[in-house]
Every structure is written in C-alpha cells, then in structure tokens.
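Colleague: Okay, here's the structure, questions in a sec.
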Amino acid sequence: MKRHTLKVLAGLVLSAGLASPALASDPAVAKLKPKDFPNQPIEYTVVYPAGGGMDVTARLLGRYVEKVSGDKVLVNNRTGGGGMVGHTWLATQAKNDGHTVGIVANLLWGDALLRAQGKWSLADLEPIGYINSDALIWLVQGDGALKGRSLKEILQIAKDKPNTIRIATVPGTMWEYLVEQLENNTGAKLLRVPFQGGGAGINALAGGNVDLAQGFLAEFRGLAEAGKVAPVAVAANSRLPHLKNLPTFNEQLGAKEYTWQVVRYAVVPKGTAADRKAYLSAAISTAMKDPELLAEYSKAGVFFDDALMKSTNIARDINAYAESERAFYVKTGRVK
Amino acid sequence: MDALSGLAMGFSVMLTPANLYFCFLGSLIGTMVGVLPGLGPLAALALLLPVTFTLSPIAGLAMLAAIFYGAMYGGSTTSILVNIPGEAASVITCLDGHQMARQGRAGAALGMAALGSFIAGTLSLIVLTFFAPALAAIAIRFGPPENFGLMALGLVCTLFMITGSKLKGLLMIALGFLLSSVGMDMVNGNERFTFGVTDLTAGIELLAVVIGLFGISEILLNVESVAKNSLVADRIKKLIPTWADWKASFAPILRGSGLGFLLGIVPGGGPITASFMSYAMERRIAREPERFGKGAIEGVAGPESANNAAVAGSMIPLLSLGIPSNPITALLLGALIIQGIQPGPLFITQRPDLFWGVIAAMYIGNVMLLVLNLPLIGLWVQMLRIPYRFLFPLIVLLAMVGTYSANKNVFDLWMMLGFGLLGWLLRKLEYDIAPFVLAFVLAPLLEQSLRQSMTMSVDGAMILFQRPVSAGLVAASALLLVLMVIRQFKRKRGDS
C-alpha cells in the first residue's frame, strides 16, 4: 500500500516535471540548491581543445545539467601543455566559489604526480562526479601480417624477434606505460614510434607505417567497420559493451594490472563550500541518470564503469584509482 | 554511386532555405573572423560548436566548413590594407599585398585575392568530387619519411623567401628553429627550454608569434613615423584587377591551387604551409624575382589561392577516412561525433546524403563568398580613411581578444607583445621576418618526422631514400639547394 502511494507520487512529480518544462529542474536537485547559488553561469573548464573527446563529453553533460538544474552552464577550453596549463590553473588559480567546475580525465593524475613539481597536488581538486570511461585498445592492420593473431602470439613474435614490430605510442602517457608494462612482464620488445596523439598513430597504422596502434573506440570505429584496422585486446577490467568479442589484456595474459583507461569526471577546486559542492554533484549525478544522455555518450563509443556509476563516495573511489596509477609510477622509478 | 549523381543528390540535400541560410551564415562569420586580426577560424569554430548541436548534421557541417574556408577569403583583407595578417595563413600576403596597397592598388589586390580564392576553392572541389577516395588512399600512405621529405622541401623554400642579406635571412631561419624547439620534446616527453614555466610546456603559441611579429610591430613602426595615414584614400585608383593583373595571376592561381590542394591532403600540411610554399615557389620561378616584396600581384594570387585549396584538400582525409589532418578538421570531426555520426571509409556509402551534401555546400559557399567579398572590397578600402589613431587601438584590441581566445591564457598576450617588440626591432635592423615564421612552423614537423622515421627505420637514415616518394622529395630539395648555391656563386663572380 505504502509503496503504491509512493509510485503514484513519483508519477505525479514526474508528470508535473514534464508539464512545466519552463522550470526544467529536477526536484532532487532543486532541494539541494543553496539560496545564494549560483548567481552567475557555472563554468565547466576543459583543458583540451574544442571538438575533442573531453570537450564533447563536457558539452553534452552541460546540456543535461542545465536541464535538471535550470542553471546556465558554459564550457570553457583552457588549453596548452597537453592539459598541464589548464590543470595548473584549476588547481592553483580557479576560484573555489562553486562557479568553476573542472571536467577532467585521469590524465590529471600523471600531471599531478610527475609534472606539477610540487606546485600543486591531487588534493587541490576534489572529485564530485563520475562521467564515463574509455579504454585503450590495441589495433592491427586489417590486411597486415598480424591480422587474426592473438595478443599472446603478437607478444611472442615481439619476444622472438625483438624490435621488429612497430607500435605507435604517445610519449609520457598511458599509451607508453601500457607498452612498458607489457615489455617488463613478458620480455617482449616492441619498436616504439612516437606520435603526438592516439589518432595520429591510428592513421599511421591504416597507412601501413606501423604494425600496431593504440586508441579508443571513437577514434577507430569508422576504420574498423571498413576493415582497415582490427582490434586485438582492450586494457579494461572487463569486456566493453560495444565490443563483446574483444578480449581484455588481463584475461589474455592472466593478470590484473593491465588497466589503462581514460576516466572522465568532474572536480571542484579545494575549499568549495560543502552545500555548493553537494548541489553541483547532485546535478551531475542526476543528469547522468538520464537515459538520453547515456545513449548520447554510448553513441560516442565510451563505456560506464559500474563501480564508479554506483559509487556513494566518488572522491574516495576515484582517488583509489589514482593510487594504483601512483603505484605504477613508483614501481617504474618515476616517483620516489 | 558515381560522382555526378552523388553531387546531384548533395545539391538536392543542400538546396533548402534552412541549409542555405546556415551555409551563408558560416560564410559571413568566416569572412568576419578572417578579417579581424588574431581571431582565427579555430577559435570561431570552437565558439560556435555548441550551436550546431541543435541543427541538422548537414546544416551544422555546412556552416562550420564555411567558417573554415570563409576565413581564408577574409584573411587577406587586413594583410593587404594595413600590413597586419587577419590570420596565420595570410601572413605572406602582407609582403606584396600591402605594397600594392601603398601603390594605390589595394582594390586590385583584394579583388585578386577573392577571385584566386574562388577559383582555387572551386577547382579543388572538382578534384575532390571525382577523386576523393583515391586521393585519400594515397594520403594515408604518407608516413613519417614522406613528411620529412615534404618538410625538407619547405625548408629549402624558406631560403627563397630571403630578400635582403643572406646572412641575416639565415639567422632568422635559425632563430625560428630555436624558438620552435621550446616546449615538450615529442619523443621522450621532457621539457626543453621552458625554465620551469608551465605556460611554456606546450611551446610558444603560433598565433602570438604571428600577430606580434607582424601586427604589433607594424603598429609600433607606424606610431613612430606617422601622424596621419600613410596611404590616404585618394591614392586608391582601380578597384578591379586589370587585364595585365589577370595575365600575371592566372598561372600562379593554378599553381597555388595544385600545391595547396596537395598540401591540404597530406598530414603535415595545411593552409599556413601552403601559402608560404606557394609564395616561395612563385618567387623562385618568376623571371624578375626582385619584383617580389615590392607589390608583385603573383605574390598575392598564388598564396591566397593555395590556402583556400588547402582547405578543400584537408576535407579529403576527413570525409573519406574520418581522419582529421589539422586542428580545424579535428573540430569538424568532433561536431559530427556529437551528432552520433562516425565518418570513416564507409561514410560515403553509409551516409551519401551527408558526404555529398557537404561537398555541395562547399560549392555553394564558395559562390556565396565571392558574391559577398567582391562588393565588400569597396567598403574595406574605405577603412583606410579611418585615422590611424582610431584604427590602430582598435586593431590592438582585436588582436588581443583573438590571441586570448585561442587558449584563454593571459601568458599568450605577453608573448604577443614581446614578439611585437622583437618584430619592431628586427624590422628596424632590416631582418626578414617571413622566413622566421615559416621556419617556426616547419621545424617541429621536420623534427618530428625525422625522429619518427629514424625510430621506424632498420637501417638508419636510409629509410628516407628507400621509399620512392620521400626519396623524390629529398632529392628535389637537395637539387634546389645545389642550384641555389651555384647561382649564388655565379652571381658573386659576376659582381667582382
């Protein structure tokens, strides 16, 4: 009986929401809205250029957050230094009045742990909401010598004939760390050809200039559909919903450490008032429940990390991920 | 589907009032950001990207593409009128375009820039219509060694741009190399010459360099010497190019179109490199190269055609493979992905409406831009009547807004002012700044492609000669260099 009443109530609230789109604000979010906030548009800062994966993520999120909160959201690209300039700005200069939200990826961790030179640290930016993830996938040419070979076979060739398989990497990033990890653990030796980004490496693969490339689904889906490139394995904890037939590195190699993915999430500068933080966080997590937004993200080829989607303490759970990346840096002597 | 019926389909998709309106809007915005110094197509596209979310994919893409090539039309305007490039691909147009304006031929220069852009844009589109998939298949084979060959050729071209003292010119090229190496090393990720300054990790922003060296320094020079306009409007004679101008420009437009188109398709090229290399090429083959820098119309027609053709060229890898070859096409790709569309080799068969629609939109946009730009010439020329004391502060303001809009970083503004002072000093001392800028653009690409080639190679530098295209390009660069040295040597002997 009670449950039934609740259902009816929920239905009423829902239909009320639909009937008055002008208010356009979700009751759960509206309840948390502080009296004096926001008094200007909320700025989502993206540290990568417009049009890229991060930018698209932030703009889509902004659109749905506007829908559930009724607030105005602007996306601002602060680019430079491969994200370093924007990360530094967020951690050291952005105002912590709640009007600045950073839409970041875990590439932030590398900058904080390896390149911040003590000027700032991960503690300066507090995670408030998980958005989505992309996992690094190894690719071979659609008609090359490695086509149809398993990851194990490829690594065996790289061990027997060191430095004969050319792989596209991006220096100083997870593209390189994955290769390094595999080489250290399996004794394989790959010829690393440096590129400025994952996309450039995939182009080189399609053009036959390298034998292996690494990238995200959105970057190669068109080429894969046409049979120009073929995926080999994915560096995620479990198989991706879009690519059910693609094995993970971990299952192929019987390990647990080959997880290299982009985790996109929102942060606010340290010291942002608790009520504002809770409100911003609720707006994001409510927007992230909209099936329309999830469908838009899925179309772009990303996936949702279950553990983070269901997380009750996002800051703790994201920082745990960061900790495992730090462990890799310590193990490889990058961080003392 | 063959190309003609595809194109017919594209036009039927595009010829709706709404689609035409957005194509026109893009052309208009593109012209404006081209004209305004500092504000470039990339910043404008980034700003307008969210607008396209709510449009149909074809309307959005037609508008964004029109901004891209529209900026190439507008970019020459301030280069010619006030010697300040509207955007980076029009830097080289300053050299002869502004000299033409000083001789009262601003109208002819602007007219030829617009007509050259139109002819180049349309010719490239015709090639794109019939050969896009085939060209894309070739372009994707273009690997690091081929890129190295291309960049080496470009570097030899910088030598042709030296006008005065050879030693000073070489010094400027060296300086371009040096400053371009600031920032993160692309092979090992280490920082070079950043002195711990975070803002330098990405290197020095090209826009700040170009606007500073050309724009700010020009204003400093003028502030110093003139109280009133140096090119008062009564010196403006003909608004349209003469028959002689046409005859002189015809071949450069065709050469610029071909060169620009090819440089647009390959990964390392693009409108900026295309315009510089076209200028160098025209100077190299001219009967009287000494006319260049003194108002030679070939020096306007060639580069202005080349940068437009490069835009059409760069659409080929995007539409046929889903591969962006420069930041602007990367942004166009982002716009498509937001719409849930994934271009790739199958794009042409899966979404022929979009593929051909965009091509049709570009034909239409080019016509719109020509119609839009020709009448504007009269208006732009009137701009010269504005007293410098009003015009210059306005330009400085726009340049600052434009430079800031690229990265939203105040540091870039200081960089721009610093390069303004440097440019002022260098021009006082009669150093050429054009070779500096080209070297600054080419050096990182040259370094990257060389280091990639060497990593890929099993027997060292031989990889550059084992692949036919790279071998050809390297040989051509070497040949040009040898010819140049011989000519120089002969001239020396003739003098003594």
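The values are calculated or read from the model by the stated rules, or taken from the named source; none is laboratory data. Because the structure is a prediction, the values reported are computed rather than measured. Quick reminder, even Gly has a Cβ in these numbers, built from the backbone with ideal geometry, and neighbours come from all protein chains shown. Side chains included, ligands, DNA and RNA excluded: accessible areas come from the protein's heavy atoms. Shrake-Rupley method; radii C 1.70, N 1.55, O 1.52, S 1.80 Å.
Colleague: Take every residue in peptide B:127-137, count the Cβ atoms of other chains within 10 Å of its Cβ, and give the average of those counts. Before the final figure, lay out the partial values.
Modeller: Working: counts 0, 0, 0, 0, 0, 0, 0, 0, 0, 0, 2.
Shielding by partners across B:127-137 averages 0.
Colleague: Rounded to a whole number, what % of the accessible area of the stretch B:3-495 do carbon and sulfur atoms account for, probe 1.4 Å?
Modeller: Numbers: 13230 of 18350 Å².
The value for the stretch B:3-495 is 72 percent carbon and sulfur by accessible area.
Colleague: In nm, to one decimal, how far is the A:K152 label point from the A:K31 one, both placed 7 Å along Cα→Cβ?
Modeller: 5.3 nm
Colleague: Rounded to the nearest 5, what is the percent of antiparallel bridges among the DSSP beta bridges in chain A? Please list the in-between numbers first.
Modeller: Working: 24 of 38 bridges.
Among the beta bridges of chain A, antiparallel pairing accounts for roughly 65 percent.
Colleague: In terms of Cα to Cα distance under 17 Å, which aspartates and glutamates are near enough to A:K228, apart from those fewer than 8 places away along the same chain?
Modeller: Within reach: A:D143, A:D211, A:E219.
Colleague: For an R0 of 56 angstrom, estimate the FRET efficiency from the Cβ-Cβ distance between A:Y329 and B:T242 and round to the nearest 0.05.
Modeller: Result of the calculation: an efficiency of 0.25.
Colleague: Continuing with this model, one more query. Quick one: accessible area per residue over chain A, 1.4 Å probe, rounded to a whole number of Å²? Spell out each step's value before the answer.
Modeller: Details: 14390 Å² over 336 residues.
Spelled out: the 1.4 Å probe surface of chain A, per residue, equals 43 Å².
Colleague: Among A:G81, A:G208, A:G142, which one shows the biggest mean-square fluctuation in a GNM of chain A, springs joining Cα atoms closer than 10 Å?
Modeller: Answer for the Gaussian network model of chain A: A:G81.
Colleague: As an exercise, take the mean of 1/r over every pair of distinct alpha carbons in the stretch A:197-336, invert it, and state the Kirkwood radius in angstroms. Write down the numbers at each step before the final one.
Modeller: On the way: mean 1/r = 0.0564 Å⁻¹.
Here the Kirkwood hydrodynamic radius works out to 17.7 Å.
Colleague: Helix by helix, which DSSP H runs in chain B go 30 Å or more along their axis at the Cα atoms and have an average Kyte-Doolittle hydropathy of 1.6 or more?
Modeller: On the way: long enough: B:106-141 (42 Å, 1.79); B:243-265 (33 Å, 0.73); B:298-321 (35 Å, 0.60); B:352-382 (45 Å, 1.47); B:434-456 (33 Å, 0.94); B:468-495 (40 Å, 0.71).
TM-like helix candidates: B:106-141.
Colleague: Fully extended, how many nm does the chain gain between A:S298 and A:Q252 (0.36 nm per residue separation, minus their Cα-Cα distance)?
Modeller: Details: separation 46, 0.36 × 46 = 16.56 nm, distance 2.55 nm.
Going from the current span to full extension adds 14.0 nm.
Colleague: Please report the net charge: other residues with Cβ closer than 12 Å to the Cβ of B:S457, K and R +1, D and E -1. Please list the in-between numbers first.
Modeller: On the way: positive: A:R166, B:R451, B:R467; negative: B:D459.
Once all neighbours under 12 Å are counted, the net charge is +2.
Colleague: Ordering A:R264, A:R63, A:R149 by how much accessible area each has at a 1.4 Å probe, largest first, what is the list? Don't skip to the answer; put the middle values down first.
Modeller: On the way: A:R264 15, A:R63 80, A:R149 105 Å².
Descending order: A:R149, A:R63, A:R264.
Colleague: In peptide B:334-344, what is the residue-averaged number of other protein chain Cβ atoms found within 10 Å of each Cβ? Walk me through the numbers on the way to the answer.
Modeller: Numbers: counts 10, 3, 1, 10, 8, 2, 5, 2, 12, 2, 10.
Across B:334-344, the average partner-chain Cβ count within 10 Å equals 6.
Colleague: Accessible area drop of at least 20 Å² (1.4 Å probe, protein heavy atoms): which residues of the stretch B:9-57 qualify, relative to the chain alone?
Modeller: Hits at the 20 Å² cut-off: B:A46, B:L49, B:P50, B:F53.
Colleague: What spacing in nm lies between the two simple spin-label points modelled at B:S5 and B:F390, each 7 Å away from Cα in the Cβ direction?
Modeller: 5.9 nm
Colleague: Shifting gears a bit: Once the principal axes of the Cα atoms of the protein assembly as shown are found, what is the range along each, listed largest first in whole angstroms?
Modeller: On the principal axes, the protein assembly as shown reaches 100, 66, 59 Å in Cα extent.
Colleague: For a test of the definition: using alpha carbon positions, the gyration tensor, and the 1.5 limit on a/c, classify the stretch B:3-162 as rounded, prolate or oblate. Please report the intermediate quantities before stating the final value.
Modeller: On the way: a/c = 1.82, a/b = 1.22, b/c = 1.49.
Oblate is the answer for the stretch B:3-162, as a/c is 1.5 or above yet b/c matches or exceeds a/b.
Colleague: A drop of at least 40 square angstrom in accessible area, chain alone versus all protein chains together, probe 1.4 Å. Which residues of the stretch A:56-94 meet that?
Modeller: A:V56, A:R59, A:R63, A:R78, A:T79, A:G81, A:V85
Colleague: Relative to the first principal axis of the alpha-carbon coordinates of chain A, what is the inclination of helix A:53-69, with its axis defined by its Cα atoms, in degrees from 0 to 90 and to the nearest 10?
Modeller: Here the helix axis deviates by roughly 20 degrees.
Colleague: Can you tell me the accessible area per residue over the stretch B:381-496, all protein chains present, probe 1.4 angstrom, in square angstrom?
Modeller: Details: 6300 Å² over 116 residues.
On a per-residue basis, the stretch B:381-496 sits at 54 Å².
Colleague: As an exercise, use a Förster radius of 60 Å and the Cβ-Cβ distance of A:K189 and B:L479 to find the FRET efficiency, rounded to the nearest 0.05. Present the calculation step by step, with values, prior to reporting the outcome.
Modeller: Values: r = 39 Å, r/R0 = 0.66.
Once the sixth-power term is evaluated, E becomes 0.90.
Colleague: Same structure, new question: Distance in nm between label sites at B:D353 and B:E288, each 7 Å beyond Cα in the beta-carbon direction?
Modeller: 5.8 nm
Colleague: With all distinct Cα pairs included, what does the Kirkwood hydrodynamic radius of the stretch B:328-378 come out to in Å, to one decimal, could you say? Don't skip to the answer; put the middle values down first.
Modeller: Details: mean 1/r = 0.0783 Å⁻¹.
In the stretch B:328-378 this quantity evaluates to 12.8 Å.
Colleague: For B:192-199, what's the mean count of beta carbons from other chains sitting within 10 Å of each residue's beta carbon?
Modeller: Details: counts 0, 0, 1, 0, 2, 1, 13, 6.
Mean shielding count: 3.
Colleague: Using only Cα atoms, find the angle between the long axis of helix A:274-287 and the longest principal axis of chain A, and express it within 0 to 90 degrees, rounded to the nearest 10.
Modeller: Orientation of helix A:274-287: about 70 degrees from the principal axis.
Colleague: Same structure again: Rounded to the nearest 100 Å², what is the sum over both chains of accessible area buried where B meets A, with a probe of 1.4 Å?
Modeller: Details: alone 20430 and 16140 Å², together 33100 Å².
Buried surface at the B/A interface: approximately 3500 Å².
Colleague: Restricting things to alpha carbons, find the Rg to Rh ratio for the stretch B:3-495 using the Kirkwood radius for Rh. Show your work: numbers first, answer last.
Modeller: Values: Rg = 21.7 Å, Rh = 22.8 Å.
Ratio of gyration radius to Kirkwood radius for the stretch B:3-495: 0.95.
Colleague: Count the lysine pairs in the stretch B:3-495 whose Cα atoms sit under 23 Å apart, keeping only pairs 8 or more residues apart in sequence or on different chains.
Modeller: Lysine pairs meeting both conditions in the stretch B:3-495 amount to 18.
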